[in-house]
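Please read the structure below before turning to the comments.
The values are calculated or read from the model by the stated rules, or taken from the named source; none is laboratory data. Everything numeric here is computed off the predicted structure, so don't read it as measured data. Just so you know, the surface numbers come from the protein's heavy atoms only, side chains and all, with ligands and any DNA or RNA stripped out. Shrake-Rupley method; radii C 1.70, N 1.55, O 1.52, S 1.80 Å.
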Amino acid sequence: MRTKSAFLTIAHRLAILAYIAFALFPLFWLLKVAVTPNDLLYTEGVRLWPSRASFEHFDFVLRHSAFPVFFRNSLIVSGSTAVIVTILASLSGYALSRFRFRGKYWLVTLMLLTQMFPLVMLVAPIFKILSPMGLTNSLTGLVIVYTAFNVPFATFLMQSFFDGIPKDLEEAAMIDGATQFVAFRQIILPLTLPGIAATLGFVFTAAWSELLFSLMLISGNEQATFPVGLLSFVSKFSVDFGQMMAAGVLALVPACLFFLLIQRYLVQGLTAGAVKG
């Protein structure tokens, strides 16, 4: 039995290592191409690591391209969208979790319906709405669109966290003289920090990597986000893979730093409700 248990443990850990290697291999190859000089990129064939590494692609991307502008725009759009959506989702999720009101069922149904339509169908109507208001080719317009599309899912996500918090905590606070809003702000919100972190992470990632609307609504490099900016490395007859991969590596940095900052709360949020006491 001990031999069988040890064998299963080793097999389980090997399977986990194999999965991690499979998941991280594209990122490794991204970095490998990014540090491969142009003269070796097509001449060395398939190798795990180039015979000579160089940071020339990173130097070009940072000093001789518009990538810093794309990077800044993505930070503004993604950060603003994540904060706005999390605030709105926290308030609306709390309302759906705690209050009963007329039309609640139809409101939830309408929010679910908004998640069913293919985004491609909505590009033309959204452009038609934003154009008269001067919100096309604008970071503000992108934030509005991203917020509208992320609020429904984020609301349901936050509602699930509020549902897991006993109402007795609020009732006890209100018996002691606190208002509903004070009880929400001082008692409920601190308990939902894992949910807030999970929502922030989800929305930030969704806005950071979104391409369709940024491509359709933005027409100039000055307002373009980095997913659109990556297309600038694709010319009519060729693709500069080295520079594109270098830009991709740099684009991973803020997302990784963001998740490092919230990982403690994010893990709690992802596992919340998995074990009931």
Global size of region 93-248 as Cα Rg and Dmax, reported in angstrom: 20.7, 72
Of Ser238, Ser54, Ser65, the one that fluctuates the most in a GNM where the chain has Cα springs shorter than 10 Å: Ser238
Heavy-atom accessible area order for Thr3, Thr192, largest first, 1.4 Å probe: Thr3, Thr192
Rounded accessible area of Val108 (nearest 10 Å², 1.4 Å probe): 40 Å²
Solvent-accessible surface (1.4 angstrom probe) belonging to His64, in square angstrom, nearest 10: 110 Å²
Largest to smallest accessible area among Lys167, Lys32, Lys128, Lys104 [probe 1.4 Å]: Lys128, Lys167, Lys104, Lys32
Quotient of Cα Rg and 2.2 N^0.38 Å for region 1-54, N being how many residues it contains: 1.78
Alpha carbon centroid spacing (whole Å) that separates region 149-219 from region 123-148: 24 Å
Segment Met121-Asp59, length gained on full extension (0.36 nm per residue, minus Cα span): 18.4 nm
Protein accessible area in the chain, 1.4 Å probe - carbon and sulfur %: 70 percent
Answer label for volume of the Cα convex hull per residue in Å³ (calculated), chosen among (i) 147; (ii) 201; (iii) 209: (iii)
Where only C-alpha atoms are counted, convex hull volume of region 6-134 per residue in Å³: 279 Å³
Accessible surface ranking that places the most exposed of Met121, Met244 first, with a 1.4 angstrom probe: Met121, Met244
Of Thr140, Thr155, Thr43, the one that fluctuates the most in a GNM where the chain has Cα springs shorter than 10 Å: Thr43
0 to 90° range, to nearest 10: angle between helix 67-98 axis and the chain longest Cα axis: 20 degrees
Gaussian network model of the chain, Cα within-10 Å springs - most flexible of Gly229, Gly45, Gly195: Gly45
Relative contact order of the chain, pairs being alpha-carbon contacts under 8 Å that are 6 or more residues apart, as %: 31 percent
Probe 1.4 Å - accessible area at Met116, Å² to nearest ten: 140 Å²
Extension gain from Ser238 to Met133, taking 0.36 nm per residue of separation minus the Cα-Cα distance: 34.0 nm
Whole-number D in µm² s⁻¹ for region 158-238, Kirkwood Cα-pair radius fed into Stokes-Einstein, 37 °C, 0.692 mPa s: 202 µm²/s
